[in-house]
Amino acid sequence: MFLLVSIALALNARDASGVIIYRIGTPFSEAEKDSLEGIGIDFRELDWSENSQLEDALDPDSLQAGVLQPNFFAEDEDIAATLLSRDGWVSVQREAGRGNFDQTVGNLLVDQDPSTAHTWKAIDQATLDFRAACCNDPGASLRVHFDLGGRFLIREVRLRTLADRSDHFLEQFVIGVSDERYGIIGNVPNLPTVVEVEGNTEPEVSVMLDRPVTTNFVQLRILRQTPKEIGLAAFELYGGGYVRKASYESDVIELDDIASLGEMRWSGRQDPHAQVAIRTRAGTDPQPVIFWETRPEQQDVVRFLQGGGELSLTEYKRQYDKLADFLKPEDEQDRVRPDTEHWSFYSSPYAFGHPGVPIASPGPRKFVQIRVDFASTTVAEGGKIDYLEFKASVPPLVRRLVGEIHPTETEVGEATQFTYYISPTIRSTDSSFDAVEIATPSGMVSVDSLRLAGIDQQDFSWTIHEDGLGFEVLLPRRLEPTDSGALVEVVFTAPILREVGTLFAGRVFDTTKPHEVRQRVVPGNATNEIAGDRLSVRTALSESLVFSPRISPNPFTPNGDGVNEVVNISYKLLRLTSAVPVSLEIYDLSGRLVRRVYEGVDPVGEYRHTWDGRDDSNGLVPPGLYLYRLVVDVQSAKETSSGVVAVAH
């Protein structure tokens, strides 16, 4: 449950005011609700299916049970047998030619009753020949359409006649599929073929597809080769496994008010060969997209309903869909586009194995939308989500919080002094803040000074994060509405170890309310004194992967007197986008390997290893000169750094 244990230990009702947890999926248990209410935290429970904008290839039964997962069927489960329960349908063409489709008769083919069937009456040979010739349709085909009510994996097709009418077998037929869902039952073209059977004489037919397909829609085309009576009592589809892709997109979630967005958590499963990609976006109005309509009389194109007013996104789209096509732009790609003025783009996927991460979408915002995409490389594996939940503080600490950093360019590996500018807009009703947190992705050296409204502050303190990748500064006082627009300047020294932009994310918080959402600093023009409007820093390009190897002390004296017993070999890894193999070895001057000091897989960062002057047999090496060899192995290059180490006794 969302931070419940830690919150329960420390949070009182006053501290919790404004904290809301929004959960989609499996509801809170009664014990969880009691605990939340007891510590003054409000919560909202949302349903997957009632709160969805998109449900593609998702298991409807799981959705009703509160779980989000891709469609899955066991190998012996007939997918077609349950299509009616998913709002799918079957239509049967009663006679060759156009029209004559019957949806009621079609239902007989998936009712799992072996005594019900549809029969196509015998025709004379002349009629068969005439239809084939006049309609340019060899075999005078009949068609049966199956809307599966969702996307499913199909491996096998089975057809069966009535048990007492084995002579009704289908001589020739074609199976076609499509990812579209057709609303007009009779107006379906011949779909791409996935299997064709010719010369059949069996009343029961089972056909395995050469390659399994994932599809919404299946078409059976029956090609009559003789005038005999034919019939079909059952049409069955089997898959066995998960669909390869499935998606969910929530409708826009309207928060109680403008809110600071906190951590997002989830509970679920991601199999080794599958991916569950969770993304978010946030906005300031109810509509993340803009639909366009044409006005023939004015000969222009305008926003539909001026953004949709206060309609939900689902209703907004529904109303737009009701427009006649001639009132929509001719090209479908011109009919809708993202509202980038009021909404962010979807975030990068959150790491599924690490729930409890800050929402990446910008805030404070009043509207949030969540998307989940499932993908797998094998039908045997998939994933699921029991619930998604996120924390919000309503209202935020301050109305607006803009920041920028200077300088915005530096050298890779060099410790640089930065100034972090924060400009808050504080209303009289805002609770405000008295502390600042700044992330330093490559580590840090020191916090050097603090200025409020241009005045140096002596009475402040700071602490470094346990992992060394950030720090917190405690201001000498809580900022007041009279400080609105005044600059908070934090001066600190830190290195940059990446050539791509390094983001120094900042947040402010109230130390008296430790469980409120910390409000994010938004990049922008905090001060006119500098240009940049960024919170990220670029570095000059370099070619080296290894920066600044240092050997200390050199020489060293492993003689047992307790002084300079080991040598420290330190270095920085640069330019890496992921962890890579690294090895550190000691050689004598003849090139013989003396000691393998380190072998591992490391990301960007600073490292230090020690050598105690002993070889791989744990014997003390003779005094003299030795070589260290540091190797960083990446796919595009293997970089070696080496130098001399002196041993004295």
Boolean, Glu293 is acidic (Asp, Glu) and at pLDDT 90 or above: yes
The one condition in (1) modelled with pLDDT of 95 or more; (2) touching a Gly at 6+ places or on another chain (Cβ under 7 Å) that Gln369 fails to fulfil: (2)
Any hit, segment 213-225, residues being farther than 25 Å from Asn107 by Cα and either in contact (Cβ under 8 Å) with a residue 12 or more places away in the chain or out of contact with any strand residue (DSSP E or B) (no Cβ under 9 Å at 6 or more places or on another chain) (or both): yes
Arg608 being surrounded by 12 or more Cβ atoms within 10 Å (Cβ to Cβ), touching a residue at least 24 places away in the same chain (Cβ under 8 Å) and among the basic types (Lys, Arg): no
Test: residue in segment 256-274 that is under 30 Å from Arg158 (Cα atoms) and either assigned to a strand (DSSP E or B) or at pLDDT 95 or above (or both): yes
Pairs with Cβ under 7 Å, 6+ apart, first in segment 84-111 and farther than 13 Å from Phe235 by Cβ, second among the aromatic types (Phe, Trp, Tyr) and at pLDDT below 90: Gln93/Phe101
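Yes/no per residue for (1) closer than 11 Å to Val537 by Cα; (2) of a type in the set (Val, Ile, Thr):
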| position | (1), (2) |
| --- | --- |
| Asp483 | no, no |
| Val491 | no, yes |
| Ile496 | yes, yes |
| Pro514 | no, no |
Options Leu209, Leu220; residue that is touching a Lys or Arg at 6+ places or on another chain (Cβ under 8 Å) and either part of a loop (DSSP other than H, G, I, E, B) or surrounded by fewer than 20 Cβ atoms within 10 Å (Cβ to Cβ) (or both): Leu209
Among residues of segment 497-530, those that are of a type in the set (D, E, K, R) and loosely packed, with under 15 Cβ neighbours inside 10 Å, counted: 1
Of residues in segment 223-241 being closer than 13 Å to Arg151 by Cα and touching a Leu at 6+ places or on another chain (Cβ under 7 Å), the one surrounded by the most Cβ atoms within 10 Å (Cβ to Cβ): Gly239
Pro558 being touching a Leu at 6+ places or on another chain (Cβ under 9 Å) and either surrounded by 16 or more Cβ atoms within 10 Å (Cβ to Cβ) or not assigned by TED's automatic domain parsing to the domain that holds Val473 (or both): yes
Selected residue (criterion: farthest from Ile278 (Cα to Cα)) from residues of segment 328-373 that are charged (D, E, K, R) and part of a strand (DSSP E or B): Arg337
Which listed residue, of Ser344, Ser428, is at pLDDT 90 or above, farther than 30 Å from Ser250 by Cβ and polar (S, T, N, Q): Ser428
Unique residue being among the basic types (Lys, Arg) and either over 48 Å from the mean Cα position of the chain (by Cα) or not in a strand (DSSP E or B) (or both) when the list is Arg595, Arg575: Arg575
Any hit, segment 574-584, residues being surrounded by fewer than 15 Cβ atoms within 10 Å (Cβ to Cβ), touching a Ser or Thr at 6+ places or on another chain (Cβ under 8 Å) and closer than 30 Å to Ser442 by Cβ: no
Scope segment 561-573; condition farther than 23 Å from Met444 by Cβ, surrounded by fewer than 21 Cβ atoms within 10 Å (Cβ to Cβ) and in contact with a Pro (Cβ under 9 Å, 6 or more places away or on another chain); matching residues: Asn564, Glu565, Val566
From Asp256, Asp167, residue being touching a residue at least 24 places away in the same chain (Cβ under 8 Å) and closer than 30 Å to Leu46 by Cα: Asp256
Residue ranges of strands (runs of 3 or more DSSP E) in segment 443-518 with at least 2 members touching a residue at least 60 places away in the same chain (Cβ under 8 Å): 488-494, 506-509
Hits in segment 291-329 - residues which are without any contact (Cβ under 8 Å) to a residue 12 or more places away in the chain, more than 22 Å from Arg281 (Cα to Cα) and not basic (Lys, Arg): Glu297, Gln298, Gln299, Asp300, Val302, Asp321, Ala324, Asp325
Matching option when the condition is in a strand (DSSP E or B) and either modelled with pLDDT of 90 or more or touching a Leu at 6+ places or on another chain (Cβ under 9 Å) (or both), among Gly149, Gly139: Gly149
Conditions (1) assigned to a strand (DSSP E or B); (2) hydrophobic (A, V, I, L, M, F, W, C); (3) more than 28 Å from Pro338 (Cβ to Cβ); number of the one not met by Leu191: (1)
Of all residues in segment 310-327 being in contact with a helix residue (DSSP H, G or I) (Cβ under 8 Å, 6 or more places away or on another chain) and not in a helix (DSSP H, G or I), the one that is nearest to Asn51 (Cα to Cα): Leu311
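Let's see how each residue does on (1) surrounded by fewer than 16 Cβ atoms within 10 Å (Cβ to Cβ); (2) closer than 18 Å to Ile24 by Cα; (3) of a type in the set (Ser, Thr, Tyr):
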{"residue": "Asp257", "(1), (2), (3)": "yes, no, no"}
{"residue": "Glu310", "(1), (2), (3)": "yes, no, no"}
{"residue": "Lys317", "(1), (2), (3)": "no, no, no"}
{"residue": "Glu330", "(1), (2), (3)": "yes, no, no"}
{"residue": "Arg335", "(1), (2), (3)": "no, no, no"}
{"residue": "Gly353", "(1), (2), (3)": "yes, no, no"}
{"residue": "Val357", "(1), (2), (3)": "yes, yes, no"}
Among (1) crowded, with 22+ Cβ neighbours inside 10 Å; (2) touching a residue at least 60 places away in the same chain (Cβ under 8 Å) - the single one Ile426 does not satisfy: (2)
Scope segment 620-646; condition among the β-branched types (Val, Ile, Thr) and not in a loop (DSSP other than H, G, I, E, B); matching residues: Val631, Val632, Thr640, Val644, Val645
Filter result (in contact with a Leu (Cβ under 7 Å, 6 or more places away or on another chain) and either surrounded by fewer than 15 Cβ atoms within 10 Å (Cβ to Cβ) or hydrophobic (A, V, I, L, M, F, W, C) (or both)) within segment 587-605: Leu589, Val597, Asp602, Pro603, Val604
Residue check, Glu404 among the charged types (D, E, K, R), modelled with pLDDT of 95 or more, in contact with a strand residue (DSSP E or B) (Cβ under 6 Å, 6 or more places away or on another chain) and in the same structural domain as Ile438 (by TED's automatic domain parsing): yes
Unmet requirement for Leu401, which otherwise passes all of (1) more than 15 Å from the chain's Cα centre (by Cα); (2) not in a strand (DSSP E or B): (2)
Selection status of Gly613, in contact (Cβ under 8 Å) with a residue 24 or more places away in the chain, over 18 Å from Thr640 (Cα atoms) and among the small types (Gly, Ala, Ser): yes
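The values are calculated or read from the model by the stated rules, or taken from the named source; none is laboratory data. Every value quoted in this text rests on a predicted model; they were computed, and no experiment measured them. Cβ: placed from backbone, ideal geometry, glycine included. Neighbour counts: every protein chain shown.
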